[in-house]
Amino acid sequence: MAVHRSRRWSFGGLALLVSAGLASAVLINTSDAATNRANAATVTTTTTFSDDFDGAAGSAPDSAKWSLETGGSGNGNHELEYYTNSTSNAALDGKGDLVVTARKNTDSGLQCWYGTCQYTSARLNTAKTFTQKYGHFESRIKVPKGQGVWPAFWMLGDDLGSVGWPGSGEIDVMENVGYEPGTVHGTIHGPGYSGAGGLGAAYTLPNGTSFADDFHTFAVDWSPSAITWSVDGQTYETRTPADAGSNKWVFDHPFDIILNFAVGGDWPGNPDSSTSFPQTMTVDYVHVTTSDSGSTSGSTGGSTGGTTRTGAIKGIGGMCVDVAGGSSDDGTPIQLHNCTGNDAQKWTLGSDGTVRALGKCLDVKAASHDDGAVVQLYTCNGTSAQQWTYTSAKDLTNTGADKCLDAKDNSSADGTRLQIWTCSGNANQKWTVG
């Protein structure tokens, strides 16, 4: 985990700040299998917050959704930037993105904790406009690059002004520091586990790839019992109240969303001669969703599901659902295989109705509704071919076709291809998760 800052709240923002998340993943019903399948078709995912940053190039972020903080306090981390409310630091690009830009400062009147500010940047929050307890929080972001840059997508508790930090809680969905171009960190902070002692983990891209090279999707699923982090749909960390030990688990009240681009500070260190400016953090969207199988609370109301499930999916003969060859290519077959515990057999049943492995979704080929239509791994696209419900009868039902995941020919042989088929209650359609 990252050994980093003592706190990330801003002194000027104490009166604001709240956010949320969720770890809804699967619908568990208590009625019979037929009723479960009927209910599956009525399960809905509710969007409680959405900004796709559509608007004219150069326009400011939507003030009905975002507040722009200002100041150069260093935010408890000895950061070097002065946060402004200017469109020179936060503006839409006219292509459906928010661009947060860090620049070298040319205004001698801007004063930071160390003197005349060296850089300007932006920090946005939803504390005045949107807060929520539990949910799925997701953003697609292309991060900046260079020594000393520190972009983040994170959340703070709505009781910050009354209990302070870290008692209010903090959920860091994504942080990246420039000297680790291929790594992001997901962390929680609370009383007794904050700053360098925060509970977290890192996710590193394969093959030396840098996060600044392209957009990536960062998300948390947050429920009363767990917080789960993912990158591009691939789960890499889960934290539960047990991880806090004897300390208080403070993730039981509304939080708000924060996007910011810090420059310098105790964790990333300061920019050096190799760092070019301006640098940009480009945000494609921020979405928050809940499902209707449970309850949530927040300024927008709504509802949420239970707990995200991550692990092996086992079927007939105790065999595991497996991505053939461990390939993440679109169209890779899904099969039964001896259980090995590798990433090709680690699935996440998400609050958005998807079933994911290796950063992609379980998909019915060609969105077919026919018996015998094969399932495959495919880039997540939000279609009904990728919507699934897991029932108390242990059916894994594709809600688009209203048919069950099925092991072909009732076989438990290694390499048996998986398909959809009219739900029959047979052993080759029964699955256990985790």
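Just so it is clear, none of the values below were taken in a lab; they were calculated from the coordinates. Keep in mind that this is a model prediction, so the values were computed, not measured. All Cβ positions, even for glycine, are placed from backbone atoms using ideal geometry, and neighbour counts span all protein chains on display.
Rounded to the nearest 0.05, what FRET efficiency do ALA366 and ASP93 give with R0 = 30 Å and r taken as the Cβ-Cβ distance? Could you check?
Between ALA366 and ASP93 the formula returns 0.25.
For SER73 and THR46 in the same chain, what is the full-extension length gain: residue separation times 0.36 nm, less their Cα-Cα distance, in nm? Walk me through the intermediate numbers first.
On the way: separation 27, 0.36 × 27 = 9.72 nm, distance 3.78 nm.
Full extension of this stretch gives 5.9 nm more.
Excluding same-chain residues fewer than 8 positions from LYS133, which lysines have a Cα within less than 22 Å of its Cα?
LYS65, LYS248
Using +1 at the Cβ of each Lys and Arg and -1 at the Cβ of each Asp and Glu in the chain, identify which of TRP113, GLY318, PHE153 lies farthest towards the dipole's positive end.
My answer, from the dipole projection, is GLY318.
Could you work out how far apart the two model spin labels at THR422 and ALA242 are, taking each label as a point 7 Å from the Cα in the direction of the beta carbon, and quote it in nm?
Reported label-point gap for THR422 and ALA242 is 4.4 nm.
Restricting to DSSP H runs of at least four residues, report the calculated mean residue ellipticity at 222 nm for the chain, -39500 (n - 2.57) per run over all residues, nearest 500 deg cm²/dmol.
-500 deg cm²/dmol
Quick one: net charge around GLY190, please, counting Lys, Arg +1 and Asp, Glu -1 for every other residue with C-beta under 11 Å from its C-beta.
Here the count lands on -1.
Across segment 309-433, how many lysine pairs, 8 or more positions apart or on different chains, have C-alpha atoms separated by under 16 Å? Please give the number.
Close lysine pairs under the 16 Å cut-off: 11.
Would you mind pulling out the separation of the Cα centroids of segment 73-102 and segment 322-352, in Å?
Centre-to-centre (Cα) distance: 39 Å.
Binning at 10 angstrom from zero up to the longest distance, how are the C-alpha pair distances of the chain distributed in percent?
The distribution over the chain is 5, 22, 30, 23, 13, 6, 1, 0, given as percents.
In debye, nearest 20: dipole of the chain around its Cα centre with unit charges on the Cβ of K, R (+) and D, E (-)?
The dipole magnitude comes to about 460 debye.
Considering only C-alpha atoms, what is the centroid distance from segment 130-195 to segment 362-392, in Å?
Going from one Cα centre to the other spans 33 Å.
What are the residues whose amide H is under 5 Å from the amide H of ALA373, where those residues sit 5 or more places off or on another chain and H is modelled from the backbone?
For ALA373, the qualifying residues are ILE420.
What does the charge add up to near ASN85, with Lys and Arg as +1, Asp and Glu as -1, over the other residues with Cβ less than 13 Å from its Cβ?
Once positives and negatives cancel, what remains is 0.
Would you mind classifying segment 309-433 by shape? Square roots of the alpha carbon gyration tensor eigenvalues, ordered a ≥ b ≥ c; an a/c under 1.5 is rounded, otherwise it is prolate if a/b is larger than b/c and oblate if not.
rounded
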